[in-house]
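Just so it is clear, none of the values below were taken in a lab; they were calculated from the coordinates. Computed from a predicted model, the values in this text were never measured in an experiment. Virtual Cβ from ideal backbone geometry, glycine too; neighbours counted across all protein chains shown.
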Amino acid sequence: DYNVHVQISHLASQSMWYTKACIETIEEAIAEGIDVGFDCYPYDAFCTYAGSTVFDDGFVERWRGKGPEYLEAVSGKFTGQRLTWETLKIMREEEPMALIAGYVLNPDEVEMCLTHPKCIVVSDGLYTGGGAHPRIAGTFPRVLNILIEKGFTWTDALKKITTMPADLFSLNAGRLRVGGAADISVFHPEELRDEATFYEPFKPASGIKLIVVNGKVALEDGALNREKQGRFFFSA
């Protein structure tokens, strides 16, 4: 007994068409006493580098017939264009660090993951100086609205982006308490909406009134304080 936690990352995007079976396997492991959890981001499109092995031979078969027409260049010379076999080949050979979005995930599987009690929410923000996935700015407002629509209370929805990930990585964060990290977001629940898109990936969410980072105001009523306030958390 090594008492090791197992964390499965990006379940819906890495288990397309097999997510239900994967969750059932996870639940069986938990029932046997194994400490296992998983995470997911709230979008049905992924984003990765053009040079990724995701696009190696056989990806169409893995995606059940979804080919380059389901891919869009997020950065590089073909930005904003749906790809063809020719343009995909050019990107992989000439600009492997450019980003490609794949509209291939199953929305039902994404929601299946997000609503599971063992799932925490991740953004996996990926930015190379060009385009970006909207999850870099829209993940948390988006997932809160999804969870509330699915019948979650605000308390239970917020746990998935605060206390659960903080506890997983043993961070002194995620709760309002003396000595904790003073990172606080104040928002209007009826106005909270993610606004970011692949065309405007950094567009701020609506409904956020105040953000405090490390005890100092970072944003208030739309005015951004550009002084760097935060710090990296690292858990080994």
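How charged is the neighbourhood of residue 195? Take every other residue with its Cβ under 10 Å from the Cβ of residue 195, and add Lys/Arg as +1 and Asp/Glu as -1.
Working: positive: 142, 193, 203; negative: 194, 200.
Computed value for this residue: +1.
Residue farthest toward the positive end of the dipole of the stretch 145-210, with Cβ of Lys/Arg at +1 and Asp/Glu at -1: which of 198, 165, 187?
165
Would you kindly compute the Cα radius of gyration of the stretch 14-63 and its largest Cα-Cα separation (Dmax), both in Å?
Spelled out, the Cα radius of gyration and Dmax of the stretch 14-63 are 14.3, 40 Å.
If you wrap a convex hull around the alpha carbons of the stretch 66-150, what volume per residue comes out, as a whole number of Å³? Walk me through the numbers before you get to the answer.
Numbers: hull volume 9.2 nm³, N = 85.
That works out to 108 Å³ per residue.
Could you tell me how far the Cα centroid of the stretch 81-126 sits from the Cα centroid of the stretch 1-48, in Å?
Answer, in whole Å: 17.
Percent antiparallel among DSSP beta bridges with both residues in the chain, to the nearest 5? Could the numbers behind the result be given before it?
Details: 20 of 26 bridges.
The antiparallel proportion sits near 75 percent.
Looking at the calculated P(r) for the chain, what percent of the C-alpha pair distances fall above 23 Å? Write down the numbers at each step before the final one.
On the way: 15531 of 27730 pairs.
Percent of Cα pairs beyond 23 Å in the chain: 56.
Treating only the Cα positions of the stretch 148-205 as identical point scatterers, give the base-10 log of I(q)/I(0) from the Debye formula at each q in 0.12, 0.28, 0.30 Å⁻¹.
Computed log10 I(q)/I(0) values: -0.41, -1.11, -1.14.
In Å, what Kirkwood hydrodynamic radius results for the stretch 1-141 from the alpha-carbon pair distances? Before the final figure, lay out each step's value.
Values: mean 1/r = 0.0617 Å⁻¹.
Roughly 16.2 Å, rounded to one decimal.
For the stretch 66-106, with only Lys/Arg (+1) and Asp/Glu (-1) charged at the beta-carbon, what is the dipole magnitude about the Cα centre, in debye rounded to 20?
Details: 5 positive and 6 negative charges, 21 e Å.
Approximately 100 debye in magnitude.
Rounding to the nearest 20 debye, state how big the charge dipole of the stretch 50-171 is about its Cα centre with +1 on each Lys and Arg Cβ and -1 on each Asp and Glu Cβ. Don't jump to the answer; show the numbers that get you there.
Numbers: 13 positive and 16 negative charges, 61 e Å.
For this selection, approximately 300 debye.
Kindly flag which residue pairs out of 89/118; 20/77; 160/203; 160/209; 203/228 have an alpha-carbon separation exceeding 28 Å in this structure.
On the way: 89/118 39 Å; 20/77 38 Å; 160/203 23 Å; 160/209 21 Å; 203/228 19 Å.
Over 28 Å apart, Cα to Cα: 89/118; 20/77.
Would you mind calculating the relative contact order of the chain from Cα pairs under 8 angstrom and at least 6 residues apart, reporting the percent as a whole number?
16
Taking amide hydrogens as modeled 1.01 Å from N in the peptide plane, which residues meet the under 5 Å criterion relative to residue 209, leaving out close sequence neighbours?
Result for residue 209 returns 186, 187, 188.
Can you tell me the dipole magnitude for the chain around its Cα centre, using point charges on the Cβ only (Lys, Arg +1; Asp, Glu -1), in Debye to the nearest 20?
Numbers: 23 positive and 33 negative charges, 146 e Å.
With Lys and Arg at +1 and Asp and Glu at -1, about 700 debye.
Under the Cβ-under-4.7 Å rule, which cysteines of the chain stay unpaired?
Unpaired cysteines in the chain: 22, 47, 119.
So what are the radius of gyration and Dmax for the Cα set of the stretch 171-236, in Å?
13.7, 41
Using only alpha-carbon positions, what ratio does the radius of gyration of the stretch 106-235 give when scaled by 2.2 N^0.38 Å?
Details: Rg = 15.0 Å, N = 130, 2.2 N^0.38 = 14.0 Å.
Cα-based Rg divided by the globular estimate yields 1.07.
If we count every other residue with Cβ under 10 angstrom of residue 111's Cβ, Lys/Arg +1 and Asp/Glu -1, where does the sum land? Can you show the working numbers first?
Numbers: positive: 150; negative: 44, 108, 109, 149.
With Lys, Arg at +1 and Asp, Glu at -1, the net is -3.
With θ set to phi - 60° and the Karplus curve 6.51 cos²θ - 1.76 cosθ + 1.60, what are the ³J(HN,Hα) couplings of the stretch 49-58 in order, to the nearest whole Hz, using x for Gly and Pro?
Rounded to whole hertz, the list is 6, 4, x, 5, 5, 3, 9, 5, 3, x.
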